[in-house]
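Chemist: Encoded as C-alpha cells, here's the structure I'll be asking about.
Since every read-out is calculated from the coordinates, none of them should be taken as a lab result. Predicted model only: the values in this text are computed from it and were never measured. When we count neighbours, we look across all protein chains shown, and the Cβ atoms used for this are built from the backbone with ideal geometry, even at glycine.
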Amino acid sequence: MKRRSLFVLLVAGVVVWGLGALEARAGQVILPAPLSDFVPPPASNSSNFAIVGSLEFSNFGYTQTTGAPPPASGVTVNPFTLVGPPAETGLQFVGTFNAAAGTTQDWAITYKVTALSGTINDAYLAFTGGVFAGTGSISVSESITTLTGAPLATMEASIPGVNVTTSTFAPQTAILVTKDISVIGGSNGATVSVINQAYSGIGQHGGVPEPASIALLGIGISGLFALRRFFKRPSVA
C-alpha cells in the first residue's frame with residue numbers, strides 16, 4: 001500500500017514538472033496579455049511570441065503619437081477566431097485609440113506571422129469604433145509583405161466607409177504585417193476600441209507541438225514507465 005501511495009506521488013510530481021516545463025518555454029506568451037509583453041523595453045520582450053491555432057505571431061513593434069494613449073501596456077492582445085468558411089485565426093487588439101475634437105492621433109502595430117503548418121494566403125481586418133456625430137474619421141489600414149519586403153496586399157477599413165475588409169495573396173509560409181491606426185477627432189472626437197485580425201491558408205491545422213515540448217513529454221512518459229517497472233518488481237523476502 002505504501003508503494004502504491006509513493007508511486008502516485010511520484011507520478012504527480014513528474015506530471016507537474018512536465019506541465020511547468022511546457023509552460024515555461026522561452027519567449028512564448030500565453031494570451032490574453034498586454035502588448036507590452038511583446039515590445040521593448042525590456043529588450044528581451046522583442047523575442048516574445050504567441051501561438052493561435054497554427055499561426056505564430058512574433059517580432060512585434062508599436063509606435064504612437066507622442067503623449068497619446070494608449071501605451072503598449074494599455075493594449076490587450078487576445079486570441080481571435082473568425083468563424084468561416086474559411087475559418088480564420090489571428091489576434092484581437094483591445095485599447096482606447098482615441099482622438100479628441102480637433103486632434104489627430106496615429107499608431108502603428110507591426111508583427112510577423114508564421115504558418116506552423118501549410119501556408120497563408122488570406123487576411124481579414126475589422127475594427128469597432130465610432131465618430132461622435134461630428135466630422136471625425138477613422139482609418140485602419142494595413143500592408144502585408146514578404147519577409148524580404150516585397151508587397152503582397154494592402155487593406156483599409158474606415159469610417160466613413162466599411163469597417164471590415166479582406167484580401168488574398170500568393171501563398172506564403174511567413175508574412176510581415178504593418179497596421180496603421182489613424183483617428184481624426186474632427187468636431188466631436190472619434191475612437192477605436194477593438195481591432196480584429198485573422199488569417200487563413202492552405203493545409204493549416206490546430207498547431208504543431210514544438211520539438212522541445214515533444215522531448216519533454218517523451219522524458220515524462222519514459223520516466224513513468226521506468227517508475228512502474230520499478231514498483232512492479234517482486235520484493236525479496
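Chemist: Give me the number: length gained by fully extending residue 101 to residue 31, i.e. 0.36 nm times residue separation minus the C-alpha to C-alpha distance, one decimal in nm. Intermediate results must be reported in sequence, preceding the final value.
Modeler: Numbers: separation 70, 0.36 × 70 = 25.20 nm, distance 3.39 nm.
Roughly 21.8 nm would be gained on extension.
Chemist: Label points 7 Å out from Cα along the Cβ direction at residue 112 and residue 194: separation in nm?
Modeler: Each label point lies 7 Å from its Cα, and together they span 3.0 nm.
Chemist: Among 44-54, 81-91, what's the highest-first ranking by average C-beta atoms within 10 angstrom per residue? Present the calculation step by step, with values, prior to reporting the outcome.
Modeler: Numbers: 44-54: 18.2, 81-91: 15.7.
The packing order, highest mean first, is 44-54, 81-91.
Chemist: Could you compute the net charge surrounding residue 198? Neighbours are other residues with a C-beta less than 14 Å from the C-beta of residue 198; K and R count +1, D and E count -1. If you can, show how the numbers build up before the last one.
Modeler: On the way: positive: 179; negative: 88, 122, 142.
Counting the neighbours of residue 198, the net charge comes to -2.
Chemist: What is the sum of charges around residue 109, taking Lys and Arg as +1, Asp and Glu as -1, for the other residues whose C-beta is under 13 Å from the C-beta of residue 109? Could the numbers behind the result be given before it?
Modeler: On the way: positive: 112, 179; negative: 106, 142, 180.
Local net charge: -1.
Chemist: Compare the peptides 175-183, 149-157 by average per-residue count of other Cβ atoms within 10 angstrom and give them in order, highest first.
Modeler: 175-183, 149-157
Chemist: For region 20-108, what does the relative contact order come out to in percent, with C-alpha contacts under 8 Å and a separation of six or more?
Modeler: 26 percent
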